[in-house]
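Enquirer: Got a structure for you, written out below as structure tokens; questions coming shortly.
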Amino acid sequence: MQSPCLYFSVCLSVCLSLSRLKQIQNSLARTVVKPSKSCHITPILRSLHWLRITERIEYKLLSLTYKVLTTTQPPYLHKLISTQRPRSTRSSSVVTLARPASSSSLKITDRSFRYASPCLWNQLHLSLRQPRSLLHVAGWYEHAMVIPGDVH
């Protein structure tokens, strides 16, 4: 069993790192666009076609999952994921990843590739879970991100 202090320090460092990355991205976006100081960052990031940090992490995780499913490379990650048996339904050709049982009560465990990739992959639209084209998945992901406060 890991100590609570170690867990807390890891969580804190991850949160601070993400926060710092968000600050850097926002500063760079404002430097490139040079908007007024009161302008919200979301439209700026959209105009630059930049994903927010958390969206970028999810995109990279989905891209890596796709690569692992289609090429079985890298082998150390391929060993961490498994597909569920298809049911005999219309969506039986859809690739659904099995979610492993969590052996830890630590929330940070859910962020590992083994646990996070099936969760994100299984949330994709059914048509995207039939691995054909990474470009198709990438294009959908960028346009499917729902940002609170966005007006379409």
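Enquirer: Taking the stated definitions as given, is Lys22 in contact with a helix residue (DSSP H, G or I) (Cβ under 8 Å, 6 or more places away or on another chain) and basic (Lys, Arg)? Break it down stepwise before answering.
Expert: Details: in contact with a helix residue (DSSP H, G or I) (Cβ under 8 Å, 6 or more places away or on another chain): yes; basic (Lys, Arg): yes.
Yes; evaluated as a whole, the condition is true for this residue.
Enquirer: Restricting to helices (runs of 4 or more DSSP H) lying wholly in the range 1-107: which have 3 or more residues that are modelled with pLDDT of 85 or more, under 20 Å from the mean Cα position of the chain (by Cα) and hydroxyl-bearing (Ser, Thr, Tyr)?
Expert: Counting at least 3 such residues, we get 53-71.
The values are calculated or read from the model by the stated rules, or taken from the named source; none is laboratory data. Note that the coordinates shown come from a computational prediction; the quantities given were computed from them, not determined experimentally. Neighbour counts run over all protein chains shown; Cβ positions are idealised from the backbone, glycine included.
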